[in-house]
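Student: Below you will find the structure I want to go over with you.
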Amino acid sequence: MEFADVLAARHSCRAFTGEEVPEETLTELFALAQRTPSWCNTQPWQVHLVSGQAAKRFSTELTEHVLAQPQSHDLEMPAGYSGVYAERRRESGYALYEAVGVARDDKLARGAQALLNYSFFGAPHVAVITTDRDQGTYGAIDCGGYVATLTAAATSLGLGSIAQAALAMYSDKVRDFLGLPDDRLVVCGVSLGYADPEHPANRFRTSRASVGEVVTRVDE
């Protein structure tokens, strides 16, 4: 695929077929993601790829934890959403609910949809991305670049993907399950597999701000 086509085709996949990705494709995927640029070439990301029975166990334990325990995260969450950020967030959420037939005021159904994050939307693989504690903010930024490269690379290989901050909201459970040392901070998860093209959750697309809204030219 041409790079522009990859960017146009990439979207957050919220329904997977469950078919496992061949080992050689996974190897190629993570080799491509490893080309991500980073601050002083520190490459602060580490990845735990959870698959097979381990992924099923992870999903079960994580879901049970989410239903019973408060959030606990390694990185500071957004203080709030206002203005255009709140508008974009609402637009994305409403588009998803409309696609899957959930009424905006149906809190129970909305909660059930959100809970699908912790079963990885049926994906057979979930990559947990962590950063080095001492690298601070720039380590997390570099991991964001890694996630962008990883999801674009997945699209180029015919795979679906979705970056999930939801997993990082329960970093204590993720840390416990993976046996992470104290110097690793949970950034997010990325679920990977083959997208289910027939599922309504995969049939909507989010909008993008125009270049004029985000780029300020300084020529003189």
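Student: Return the pair list, or none, for Cβ contacts closer than 6 Å from residues in segment 159-174 that are over 22 Å from Ala9 (Cβ atoms) and in contact (Cβ under 8 Å) with a residue 24 or more places away in the chain to residues that are among the small types (Gly, Ala, Ser) and not in a loop (DSSP other than H, G, I, E, B), at least 6 apart or on different chains.
Tutor: Matching pairs, first to second residue: Leu167/Gly189; Ser171/Ser72; Asp172/Ser72.
Student: Here's a check for you: in segment 103-119, which residue that is more than 21 Å from Pro197 (Cβ to Cβ) and touching a helix residue (DSSP H, G or I) at 6+ places or on another chain (Cβ under 9 Å) is surrounded by the fewest Cβ atoms within 10 Å (Cβ to Cβ)?
Tutor: Quick first cut of segment 103-119, residues more than 21 Å from Pro197 (Cβ to Cβ) only: 103-112, 114-115, 118.
Filter once more, so that each one left must be touching a helix residue (DSSP H, G or I) at 6+ places or on another chain (Cβ under 9 Å): 103-104, 106, 109-110, 114-115, 118.
On the way: Ala103: 10, Arg104: 12, Asp106: 13, Ala109: 15, Arg110: 17, Ala114: 13, Leu115: 13, Tyr118: 24.
Looking at the filtered set, the residue picked out is Ala103.
Student: Scan Arg89, Arg14 and give me the residue that is in contact with a helix residue (DSSP H, G or I) (Cβ under 8 Å, 6 or more places away or on another chain) and basic (Lys, Arg).
Tutor: Arg14
Student: How many residues does segment 17-34 hold that are under 25 Å from Tyr138 (Cα atoms) and in contact with a helix residue (DSSP H, G or I) (Cβ under 7 Å, 6 or more places away or on another chain)?
Tutor: Within segment 17-34, residues that are under 25 Å from Tyr138 (Cα atoms) and in contact with a helix residue (DSSP H, G or I) (Cβ under 7 Å, 6 or more places away or on another chain) number 3.
Student: Of these, Val147, Val100, which one is farther than 28 Å from Arg184 by Cβ, surrounded by 13 or more Cβ atoms within 10 Å (Cβ to Cβ), β-branched (Val, Ile, Thr) and out of contact with any Gly (no Cβ under 8 Å at 6 or more places or on another chain)?
Tutor: Numbers: Val147 fails: farther than 28 Å from Arg184 by Cβ.
Matching residue, one of Val147, Val100: Val100.
Student: Anything in segment 52-106 that is in a helix (DSSP H, G or I) and basic (Lys, Arg)? List them, or say none. Please lay out each step first, then the result.
Tutor: From segment 52-106, those in a helix (DSSP H, G or I) are 52-68, 83-100; that's our starting set.
Those that are in a helix (DSSP H, G or I) and basic (Lys, Arg): Lys56, Arg57, Arg88, Arg89, Arg90.
Student: Shifting gears a bit: Which one of Leu32, Leu49 is in a helix (DSSP H, G or I), of a type in the set (A, V, I, L, M) and either touching a Leu at 6+ places or on another chain (Cβ under 8 Å) or modelled with pLDDT of 95 or more (or both)?
Tutor: Leu32
Student: What helices (runs of 4 or more DSSP H) completely inside segment 107-220 contain at least 2 residues that are of a type in the set (Asp, Glu)?
Tutor: 171-178
Student: Now a separate question. When segment 182-203 is examined, which residues are found to be hydrophobic (A, V, I, L, M, F, W, C) and either out of contact with any helix residue (DSSP H, G or I) (no Cβ under 8 Å at 6 or more places or on another chain) or under 14 Å from Gly136 (Cα atoms) (or both)?
Tutor: Listed by number, the residues that qualify are Leu185, Val186, Val187.
The values are calculated or read from the model by the stated rules, or taken from the named source; none is laboratory data. Computed from a predicted model, the values in this text were never measured in an experiment. Ideal geometry is used to build each Cβ from the backbone, glycine not excepted, and the neighbour counts take in all protein chains shown.
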